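Please read the structure below before turning to the comments.
Laboratory data are not the source of any read-out in this text; all were calculated from the coordinates shown. Keep in mind that this is a model prediction, so the values were computed, not measured. Note that each Cβ is placed from the backbone with ideal geometry, even for glycine, and that neighbours are counted across all protein chains shown.
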Amino acid sequence: MAQPHGTATFRAPAEAYDRYIGRYGPPLAAALCDAAGVRAGDCVLDVGCGPGALAGELVRRLGAARVAAVDPSPPFAAACRERLPGVRVEEAPAERLPFADAAFDRVLSQLVLTFLTDARAGVAEMVRVTRPGGTVGAAVWDYTDKMVLLRRFWDAAVALDAAARELDEGVSMRPCTPGELLELWARSGLANAAVTGVVVRAAYTGFDDLWAPLEAGVGPAGAYAAALDAERRAALRDEVRRRLGVGEGPFELAARAWVVTGRVA
């Protein structure tokens, strides 16, 4: 199913993404690798690598020569390539992976499934490039409930603009529930599918630290905020801050992701 946001919202500099969702990336990557059973000697592909949070964790565990990555965003692919020398980084969509059949022991994807034009085609490609007996795994945010930053943002946006409901990631981003993920894995022919919830945290120096990347237009929420006129953007900023209940000082936010894994028959 086509998504309304797509990869066009990820053309901003990698550093802006780092300050937005990227700060949650390293702990989530570690949890995804653990759930997928990544171990020494594996060859692993990171699908939708972004600036390289998951690929970086894979390099830490396996070494650069055993890691490959792919992303359709030119600035993100370039950032991953620069940050992780020795990793093969390709610029391509998940639905058309430029790798041979059964090339990898595990194929993983972090915070990507909900942005695919065709999630079933993307998972089918992930299965194709995984060896028999290998693992396909993915992580997506719990947009509907406990991804606090995004949930509070869209609740604030809808309170001020009813039309924002159509863009609310809790409504528009699929698959993002355990049932949807298990169904997708089953329809893709993956055995022993399982979903677990993982909670990660990110630290902010203050509310401006949280808000700045949104004004830069990163991701669906950022694209929405950046498109507003100054007055409406200021009102949204105040409402998001009120709903988060944070002040000028440092704070942390929690975010729950669903991690799904399955075995290639």
Working out 0.36 nm times the residue gap between residue 40 and residue 163, then minus their Cα-Cα distance, what length gain in nm do you get to one decimal? 39.4 nm
Let's see if you can work this out: charge +1 on each Lys and Arg Cβ, -1 on each Asp and Glu Cβ, no other charges. What is the dipole magnitude of the chain about its Cα centre, in debye to the nearest 20? 640 debye
At R0 = 30 Å, FRET efficiency that the Cβ-Cβ distance of residue 229 and residue 83 yields, to 0.05: 0.25
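Could you give the length gained by full extension between residue 155 and residue 186, i.e. 0.36 nm per residue of separation minus their alpha carbon distance, to one decimal place? List each step's numbers first, then the result.
Values: separation 31, 0.36 × 31 = 11.16 nm, distance 3.24 nm.
Gain in length upon complete extension: 7.9 nm.
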Does segment 25-172 come out rounded, prolate or oblate by the C-alpha gyration tensor, with a ≥ b ≥ c the root eigenvalues, rounded set by a/c under 1.5 and, if not, prolate when a/b is larger than b/c and oblate if not? prolate
What ranking, highest mean first, results for peptides 68-75, 211-218, 190-197 when packing means the other Cβ atoms within 10 Å averaged over each residue? 68-75, 211-218, 190-197
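Work out how much length residue 96 to residue 215 would gain on full extension: take 0.36 nm times their residue separation and subtract the Cα-Cα distance, in nm to one decimal.
39.7 nm
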Return the FRET efficiency for the residue pair residue 243, residue 171: r is the Cβ-Cβ distance, R0 is 22 Å, and the value is rounded to the nearest 0.05. 0.80
At a Förster radius of 25 Å, what calculated FRET efficiency corresponds to the Cβ-Cβ distance of residue 145 and residue 121, to the nearest 0.05? 0.35
Rg and Dmax of the chain, Cα atoms only, in Å: 17.9, 56
Roughly what % of DSSP beta bridges within segment 7-264 run antiparallel, to the nearest 5? 55 percent
